[in-house]
Amino acid sequence: MIKILGSFKIVPDLDLLAEEDWIADEKNRVDVSYVKTMWNCFDESALEMMLKLSDNSESFGIELQLDAVTVGGERCESYLKTLHALGFDKAVRIECQEELQFWPEMTAGLITEYVSRIGGQNVIMMGRQSADGDNGKTPLLAAEQLGWPCITQVIGIEPVDEEYLKITNMVDGGVCTQVVRVPFVLSVGDAPCSYLRVPTLKDRMQRGKRPIDVYTMAELGVNSRFRDIEQRAVLRCLEPVNRDREGIVIEGDTVQEKAAVLYRDYLKGRLMKVERNFQP
Amino acid sequence: MALSREQIVEGLENLLGADRVITDEKVLKESSLDRYRKFEQTHEVYTQPIPAAVVYVNSTEEVREVMVFANENKINIVPRTGQSAIEGGLETAALNSIVVDGSGMNKILKVDKYNMQVTCQCGVPLQDMDDMLREQGYTTGHSPQSKPLAQMGGLVATRSIGQFSTLYGGIEDMVVGLEAVFPNGEICRIKNVPRRAAGPDIRHIITGNEGALCFITEVTVKLFKYQPENNVFLGYTIDDMKKGFNVLRDVMAEGYKPSIARLYDAADASLHFDWSGDSNVLIFMAEGPAAIAKATADGIEAIISKLEGVNAVDPKIIEKWFAGLNWGPEEIAEEKEEILATNNIGITTEVSGCWDCIYEIYDNACRRVLEEVPDMTLMGGHSSHSYINGTNMYFVYYYNVVDCTPEEEINKYHNQINRIICEEVIKYGGSIVHHHGLGKARAHYVWEEYGSSFYMLETLKKAFDPNNIMNMGTLIPIKHNDKNPWEF
């Protein structure tokens with residue numbers, strides 16, 4: 001049976017952070033603790049893709065198991081409950097209060113140790129990068145650690161049988177569709193389905209109340225001493241994106257007046273230039 | 001004989017010039033509805049009669065000319081400014097309507113700091129005006145969630161209210177004077193005075209008329225000192241909604257005037273906060289002169305400190321969250337994308353009730369919606385505007401649209417939820433509309449809402465709009481189905 005593990009990260013919704021709050025604190029970090037969290041968008045695409053695959057597999061009579069894992073604190077549990085409500089079988093949290101930003105090999109290690117020691121899944125699926133760390137390495141490192149192939153820029157998965165999946169991914173200059181035997185890691189980038197469906201309250205009542213499986217790092221045999229975030233990255237500079245208007249607003253009381261300004265100041269010179277260059 | 005679409009357009013072009021009479025099909029379709037039919041709007045499905053034209057007026061005189069033309073020819077007019085309506089008020093319910101857009105009347109006419117009042121045309125965006133005033137140390141005190149979109153004429157026409165209402169009041173408490181044009185071409189100006197007792201307060205004929213009596217062209221509202229440096233935020237989790245309503249009541253009854261007094265149930269809170277879990281959330285902001293802000297915050301804290309089951313949260317969380325609450329075009333575009341991808345849609349309905357029934361209204365409506373409407377993904381709400389005798393309830397609900405077309409959605413889901421909420425509110429003697437306007441959907445419950453006072457509303461309509469050309473179907477419904485009023 002194909003068992004797919006969706007690995008996801010919960011990130012701060014930086015759209016909610018006001019520009020004046022983009023300031024480094026005494027630890028040289030931007031404080032995002034006041035900002036509501038959200039699914040990392042690429043992971044969200046991957047999870048929805050898994051659910052669509054499950055819908056399709058059902059009609060083919062192919063059995064499939066969907067599990068989900070995240071690394072983080074209790075703040076992530078409501079997201080895992082949502083996945084339970086959506087029909088995910090196991091919802092797993094690897095307890096970690098530390099900041100793993102700029103440490104993708106640690107994240108990948110925790111996921112692969114869980115798969116090898118406990119979960120036994122034969123497909124891992126996740127977004128290609130996170131909104132905050134933005135390393136783009138976790139799926140590749142997970143594949144390397146497990147010795148599995150990694151297919152990147154995945155945009156579609158379809159059921160084939162109990163051992164194979166049909167994977168569509170973007171490649172240089174085109175789209176590639178191949179039938180691949182498990183196990184493998186799938187990395188999802190810009191996918192056509194980017195929003196996760198929403199469970200009904202009945203789904204939440206019926207399925208979302210199941211307990212979350214929580215594992216400590218020690219239970220996964222990971223005893224690596226944490227490197228302080230400052231050893232991995234130091235914030236040096238923060239600059240807001242230039243939000244100046246790209247266009248020019250032409251002022252005038254009437255449309256005629258505005259059109260006259262448009263012609264006089266912006267079009268006339270260009271038209272004359274075109275005329276000069278046009279030698280029949 | 002009724003004019004054809006072509007004749008209507010020709011008549012309008014003669015009045016305003018062709019460049020201000022828009023007949024582009026896409027514009028006309030988009031102007032046939034508002035966000036009450038959000039699912040249809042998202043899918044670009046248009047079930048309402050498409051207007052003959054959208055006209056952009058630039059002066060009171062032009063409004064008058066268009067109104068007289070429409071009145072003489074019995075053509076339905078839908079007045080609009082910022083287009084942020086969400087209760088069907090902007091739907092063109094009659095064939096060949098004219099949408100009269102006042103957004104071009106966007107001049108701030110006078111900032112009178114000595115008399116603490118500002119006069120502007122109907123199309124002035126509230127955000128622009130308030131930002132400009134704040135730079136000078138003043139504010140209108142009006143801050144609805146639609147602030148980035150809404151304009152002054154529409155805000156007055158719909159009897160809007162802002163997030164700081166508990167201190168500053170609703171728009172009706174802010175409006176000093178007005179200018180409006182009636183269908184027969186009469187231009188009425190109500191002068192700016194502190195108060196008068198010369199008969200009924202006729203501002204209230206205009207405020208909240210929802211474009212069904214007149215077109216508002218000019219507005220004067222009060223000014224207040226803007227002193228954000230004195231703001232004090234307070235936030236709490238609270239284990240019980242009934243207890244939460246009692247806290248709001250005690251704060252009001254003891255005489256405190258926080259600018260914000262909000263109570264979120266756990267479901268609604270989950271949309272805003274990660275930390276609230278299964279708890280309800282209470283939020284306050286005290287503002288004004290430093291000593292008053294401090295005294296208000298201290299008084300609220302004293303009331304809350306006596307209660308069990310209440311835990312304080314870091315006020316900075318509340319302050320940061322509140323700064324990002326408003327909705328602009330970006331949020332609307334993002335929401336559209338999300339609805340199309342997930343078929344999950346979120347809508348609100350706001351009502352009010354006295355302290356002795358607001359919990360029952362909240363509790364019964366939530367329970368019944370969950371029992372009677374399929375595919376619900378969230379049902380909850382918050383109270384965000386409190387008064388000495390009661391408060392509002394802002395129901396927030398999400399559902400998955402399953403097994404129906406965009407055309408069928410409104411009757412399968414939205415109208416059913418509206419019906420349940422209206423039934424529960426009427427049963428307990430509350431008001432079915434707190435601040436979005438009756439629009440065209442809840443207009444079907446106007447008789448139950450008004451009771452014997454419907455006579456006064458009907459008389460106003462007949463007196464000021466005898467030809468029934470003003471925003472037909474708003475306030476008083478057309479095509480009313482007596483047996484199933486929620487089906488339209």
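Of all residues in segment A:219-236 being within 25 Å of the chain's Cα centre (by Cα) and modelled with pLDDT of 70 or more, which is nearest to residue A:115 (Cα to Cα)? Spell out how you get there, then give the answer.
So the first thing to find is which residues in segment A:219-236 are within 25 Å of the chain's Cα centre (by Cα), and the list is A:220, A:222, A:226-230, A:232-235.
If we keep only those that are modelled with pLDDT of 70 or more as well, we get A:220, A:222, A:233-235.
Details: A:220: 10, A:222: 13, A:233: 29, A:234: 32, A:235: 34 Å.
Ranking the candidates gives A:220 first.
Counting only residues that are more than 12 Å from chain A (Cβ to nearest Cβ) and either over 21 Å from residue B:87 (Cβ atoms) or crowded, with 19+ Cβ neighbours inside 10 Å (or both), how many does segment B:342-352 have? Steps first, please.
Residues of segment B:342-352 more than 12 Å from chain A (Cβ to nearest Cβ): B:347-352.
After this cut, where a residue has to be either over 21 Å from residue B:87 (Cβ atoms) or crowded, with 19+ Cβ neighbours inside 10 Å (or both) as well, the list is B:349-352.
Adding up the residues that qualify gives 4.
State whether the residues of segment A:38-46 include one that is surrounded by 21 or more Cβ atoms within 10 Å (Cβ to Cβ), away from every other protein chain (no Cβ under 12 Å) and closer than 15 Å to residue A:159 by Cα. For segment A:38-46, residues surrounded by 21 or more Cβ atoms within 10 Å (Cβ to Cβ), away from every other protein chain (no Cβ under 12 Å) and closer than 15 Å to residue A:159 by Cα: absent. Exactly one residue out of B:62, B:30 is without any contact (Cβ under 8 Å) to a residue 60 or more places away in the chain and under 20 Å from the mean Cα position of the chain (by Cα), and it is B:30.
If I filter segment A:60-74 for residues that are in contact with an Asp or Glu (Cβ under 8 Å, 6 or more places away or on another chain) and within 10 Å of chain B (Cβ to nearest Cβ), do I get at least one hit? No, every residue in segment A:60-74 fails to be in contact with an Asp or Glu (Cβ under 8 Å, 6 or more places away or on another chain) and within 10 Å of chain B (Cβ to nearest Cβ).
Do we have any residue at all in segment A:36-59 that's of a type in the set (Lys, Arg), in a loop (DSSP other than H, G, I, E, B), modelled with pLDDT under 85 and over 28 Å from residue A:219 (Cβ atoms)? The answer is no, given that none of the residues of segment A:36-59 is of a type in the set (Lys, Arg), in a loop (DSSP other than H, G, I, E, B), modelled with pLDDT under 85 and over 28 Å from residue A:219 (Cβ atoms). Among the residues of segment A:165-175, not one is surrounded by 16 or more Cβ atoms within 10 Å (Cβ to Cβ) and assigned to a loop (DSSP other than H, G, I, E, B).
Can you go through B:293, B:266, B:297, B:286 and tell me which one is more than 23 Å from residue A:36 (Cα to Cα) and touching an Asp or Glu at 6+ places or on another chain (Cβ under 6 Å)? Working first, answer last.
Values: B:266 fails: more than 23 Å from residue A:36 (Cα to Cα); B:297 fails: touching an Asp or Glu at 6+ places or on another chain (Cβ under 6 Å); B:286 fails: touching an Asp or Glu at 6+ places or on another chain (Cβ under 6 Å).
One residue alone meets the criteria, B:293.
Can you tell me which of A:124, A:118 is within 25 Å of residue A:199 (Cβ to Cβ), away from chain B (no Cβ under 14 Å) and among the β-branched types (Val, Ile, Thr)?
On the way: A:118 fails: within 25 Å of residue A:199 (Cβ to Cβ).
From the options A:124, A:118, the qualifying one is A:124.
Checking the structure you have, find out if any residue of segment A:199-210 is touching a strand residue (DSSP E or B) at 6+ places or on another chain (Cβ under 9 Å) and more than 14 Å from chain B (Cβ to nearest Cβ).
Step one: filter segment A:199-210 for residues touching a strand residue (DSSP E or B) at 6+ places or on another chain (Cβ under 9 Å), giving A:199-204, A:210.
Subsequent filtering for residues that are more than 14 Å from chain B (Cβ to nearest Cβ) retains A:210.
Yes, that holds for at least one residue.
Screening segment B:370-488 for helices (runs of 4 or more DSSP H) wholly inside it with 2 or more residues that are hydroxyl-bearing (Ser, Thr, Tyr) returns the ranges B:454-464. Reported count of residues in segment A:107-164, each being in a loop (DSSP other than H, G, I, E, B) and under 14 Å from residue A:8 (Cα atoms), is 9.
Scan segment B:190-227 for residues that are more than 22 Å from the chain's Cα centre (by Cα) and either within 19 Å of residue B:63 (Cα to Cα) or part of a loop (DSSP other than H, G, I, E, B) (or both) and the total you get is 13.
Residue A:33 satisfies every condition listed in (1) in contact with a helix residue (DSSP H, G or I) (Cβ under 7 Å, 6 or more places away or on another chain); (2) modelled with pLDDT under 95; (3) among the hydroxyl-bearing types (Ser, Thr, Tyr) except (1).
Residues considered: B:410, B:339. Of these, the only one that is under 26 Å from residue A:86 (Cα atoms) and within 14 Å of chain A (Cβ to nearest Cβ) is B:339.
Evaluate the following for residue A:20: is it closer than 17 Å to residue A:237 by Cα, over 21 Å from the mean Cα position of the chain (by Cα), within 10 Å of chain B (Cβ to nearest Cβ) and among the charged types (D, E, K, R)? It would help to see each step written out before you state the result.
Details: closer than 17 Å to residue A:237 by Cα: yes; over 21 Å from the mean Cα position of the chain (by Cα): yes; within 10 Å of chain B (Cβ to nearest Cβ): yes; among the charged types (D, E, K, R): yes.
So residue A:20 passes the test.
The strands (runs of 3 or more DSSP E) falling completely within segment B:276-363 that include 3 or more residues that are within 23 Å of the chain's Cα centre (by Cα) and within 26 Å of residue B:35 (Cα to Cα) map to B:344-354. For segment B:154-167, taking the residues that are more than 12 Å from the chain's Cα centre (by Cα) and assigned to a helix (DSSP H, G or I), the one that is farthest from residue B:352 (Cα to Cα) is identified as B:167. Within segment B:371-386, can you find the residues that are surrounded by 18 or more Cβ atoms within 10 Å (Cβ to Cβ) and either more than 13 Å from residue B:421 (Cα to Cα) or without any contact (Cβ under 8 Å) to a residue 60 or more places away in the chain (or both)? Hits for segment B:371-386 are B:373, B:375, B:376, B:377, B:378, B:382, B:383, B:384, B:385, B:386. So, residue B:252, is that one closer than 26 Å to residue B:171 by Cβ and assigned to a helix (DSSP H, G or I) or not? Yes.
For residues that are closer than 24 Å to residue B:431 by Cα and either of a type outside the set (Asp, Glu) or surrounded by fewer than 18 Cβ atoms within 10 Å (Cβ to Cβ) (or both), tally how many sit in segment B:445-469. Quick ask: steps written out before the conclusion?
First, the residues of segment B:445-469 that are closer than 24 Å to residue B:431 by Cα: B:445-462.
Narrowing further to those that are either of a type outside the set (Asp, Glu) or surrounded by fewer than 18 Cβ atoms within 10 Å (Cβ to Cβ) (or both): B:445-448, B:450-462.
Number of matching residues: 17.
Once segment A:176-210 is narrowed to residues that are closer than 25 Å to residue A:40 by Cβ and hydroxyl-bearing (Ser, Thr, Tyr), the residue that is surrounded by the most Cβ atoms within 10 Å (Cβ to Cβ) is A:187. For beta carbons closer than 7 Å, sequence separation of 6+ or different chains, a first residue in segment B:269-291 that is within 14 Å of chain A (Cβ to nearest Cβ) and crowded, with 22+ Cβ neighbours inside 10 Å and a second that is part of a loop (DSSP other than H, G, I, E, B) and of a type in the set (A, V, I, L, M, F, W, C), the qualifying pairs are B:281/B:273. For segment B:450-488, what are the residues that are without any contact (Cβ under 8 Å) to a residue 60 or more places away in the chain and either of a type in the set (A, V, I, L, M) or touching a helix residue (DSSP H, G or I) at 6+ places or on another chain (Cβ under 7 Å) (or both)? Result: B:450, B:454, B:456, B:457, B:463, B:477, B:480.
Hey, can you tell me all the residues within segment B:256-267 that are assigned to a loop (DSSP other than H, G, I, E, B) and either hydroxyl-bearing (Ser, Thr, Tyr) or closer than 15 Å to residue B:165 by Cα (or both)? Talk me through it step by step, then tell me what you get.
Residues of segment B:256-267 that are assigned to a loop (DSSP other than H, G, I, E, B), as a first pass: B:256-259, B:265.
Passing the criteria: B:256, B:257, B:258, B:259.
Number of residues in segment A:1-28 that are buried (at least 17 other Cβ atoms within 10 Å of the Cβ) and not in a helix (DSSP H, G or I) equals 12.
Within segment B:96-129, the set of residues being over 20 Å from the mean Cα position of the chain (by Cα), surrounded by fewer than 22 Cβ atoms within 10 Å (Cβ to Cβ) and outside any loop (DSSP other than H, G, I, E, B) comprises B:108, B:109, B:110, B:111, B:112, B:117, B:119.
Table: residues versus (1) under 11 Å from residue B:234 (Cα atoms); (2) away from chain A (no Cβ under 14 Å); (3) in contact (Cβ under 8 Å) with a residue 12 or more places away in the chain.
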| site | (1), (2), (3) |
| --- | --- |
| B:258 | yes, yes, yes |
| B:261 | yes, yes, yes |
| B:294 | no, yes, yes |
| B:298 | yes, yes, no |
| B:303 | no, yes, yes |
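The values are calculated or read from the model by the stated rules, or taken from the named source; none is laboratory data. This structure is a prediction, so every number in the text was calculated from the model and none was measured. Positions of Cβ are generated from backbone atoms using ideal geometry, with glycine treated the same way; all protein chains shown enter the neighbour counts.
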